Structures are given as C-alpha cells and as structure tokens.
Amino acid sequence: MSRIFLSIVLSLMVPLCLSGAVALEQEQLEQEQSTQERSAQSAPQPRWTILVTPEQKNRLEPTQALAAVNAYRAAHGSAPLRLEPKLMVAALSYAEDLARKDLISHRGSGGALLATWLRENNYDPYRAAENLSGGQRDFDEAFAAWVGSAHHRENLLDPDLQELGIAVVYRPDSQYRTFWVMILATPF
C-alpha cells in the first residue's frame with residue numbers, strides 16, 4: 001500500500017494538545033529501545049493512504065515555523081532555536097506513529113516515548129521536550145494552541161533548549177486528520 005506522508009518539522013496545538021518535558025535517562029533509553037524493537041517486528045501495516053493535495057502541500061514550512069517560534073521566544077527573552085535534521089526525522093516518525101494509531105498520546109506503539117524516537121534517530125539529548133497536537137489545519141493554528149497552553153508554552157520558551165524538529169502527518173480518514181509533533185532539545 002502506498003503511503004505519501006505530508007510532513008515537516010516545528011510546533012503546534014488546539015483540539016487536543018499534550019505536552020511533556022522528558023528527563024532522559026540512559027536506563028530508560030535502553031528499555032524503550034528494546035520495547036520498540038519488539039513492537040516493530042510485529043507492527044501491522046497501515047490500512048490507509050495519505051494523499052497530499054495542493055491545499056495541504058504548504059501546511060508546514062519548517063523555516064517559517066522556526067521563524068515564528070524564534071520571534072515568540074525573542075519577545076519573551078529566550079534565545080533562538082535552530083532546525084536539527086535528526087529532530088525533524090524523529091518528529092516525522094513520531095507523527096506517523098500517532099497517525100497509524102489515530103491517537104494523540106505521549107506513548108507510541110510498543111510504549112515508545114520521546115526518548116525512543118530520539119534514540120532511533122541517533123540524537124543524544126541532554127534535555128528534551130515535546131509538544132503534540134491533532135486537528136489543526138495549519139501551523140498557525142497549531143502554534144496558537146501551543147502558545148495558549150501553559151505546559152506547551154513552557155516548552156516553547158525553555159531557555160535550556162537549543163534545537164527544534166517539527167512534523168505534521170495528514171490522515172484524512174482519522175479522527176484528527178492532522179498529527180503535529182514538535183520536538184525541542186539540547187544535545188550533549
């Protein structure tokens with residue numbers, strides 16, 4: 001079955017948003033990797049196809065999203081973030097998993113947590129946080145939702161975070177239709 005995922009990397013929220021700053025410990029990372037490997041072997045293939053239409057093509061432009069996040073951070077005294085390719089890929093993997101499950105949750109398939117997505121993409125974080133949401137039509141809606149949530153706003157403004165990855169996956173036959181993942185982190 002063909003899958004074309006509309007994706008990209010940065011921040012957002014509204015109908016449903018979840019946020020969590022995650023303290024990453026080596027033991028947790030090893031345990032999550034083991035769990036993820038087991039679940040990947042038995043993971044079912046998606047029963048849906050993602051279609052990218054002209055209206056959806058520009059749903060997320062990473063550099064524009066980064067500019068919006070950095071403008072917000074600057075207005076609140078936080079240093080700018082930079083896009084990190086490994087975080088963008090991790091955010092896409094995470095968003096695809098949420099779309100497969102048709103669920104907005106900080107626990108992915110097989111119990112995967114943020115640490116799992118980072119480890120699978122060879123990102124060694126000193127500190128990391130995530131903003132998730134579903135249902136927003138575009139970045140502006142997702143960003144407005146995150147800014148409107150105390151926990152998500154805390155992640156957006158965290159002065160100890162330096163890098164950003166963001167993705168959105170569109171699944172038209174799902175409850176949310178869009179699955180947004182923003183990962184903010186600082187490497188070791």
Ser78 open to solvent by 10 Å² or more (accessible area, probe 1.4 Å), at pLDDT below 90 and of a type in the set (Gly, Ala, Ser)
no
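Yes/no per residue for (1) in a helix (DSSP H, G or I); (2) free of Cβ contacts under 8 Å to residues at least 40 places away in the same chain; (3) in contact with a Phe, Trp or Tyr (Cβ under 9 Å, 6 or more places away or on another chain):
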{"residue": "Leu118", "(1), (2), (3)": "yes, no, no"}
{"residue": "Arg127", "(1), (2), (3)": "no, no, no"}
{"residue": "Glu130", "(1), (2), (3)": "no, no, yes"}
{"residue": "Phe143", "(1), (2), (3)": "yes, no, yes"}
{"residue": "Asn155", "(1), (2), (3)": "yes, no, yes"}
{"residue": "Ser174", "(1), (2), (3)": "no, no, yes"}
Quick check, is Asp160 modelled with pLDDT of 95 or more and either in contact with a Pro (Cβ under 8 Å, 6 or more places away or on another chain) or part of a loop (DSSP other than H, G, I, E, B) (or both)?
yes
Any residue at all in segment 112-132 that is open to solvent by 40 Å² or more (accessible area, probe 1.4 Å), over 15 Å from Leu92 (Cβ atoms) and small (Gly, Ala, Ser)?
no
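Please work out if Asp97 is free of Cβ contacts under 8 Å to residues at least 40 places away in the same chain, open to solvent by less than 60 Å² (accessible area, probe 1.4 Å) and under 24 Å from Gln175 (Cβ atoms).
Details: free of Cβ contacts under 8 Å to residues at least 40 places away in the same chain: yes; open to solvent by less than 60 Å² (accessible area, probe 1.4 Å): yes; under 24 Å from Gln175 (Cβ atoms): yes.
So Asp97 fits the description; yes.
The values are calculated or read from the model by the stated rules, or taken from the named source; none is laboratory data. Given the structure is predicted, the values throughout are model-derived calculations rather than measurements. Cβ: placed from backbone, ideal geometry, glycine included. Neighbour counts: every protein chain shown. Note: areas computed on protein heavy atoms with side chains; ligands, DNA, RNA excluded. Shrake-Rupley method; radii C 1.70, N 1.55, O 1.52, S 1.80 Å.
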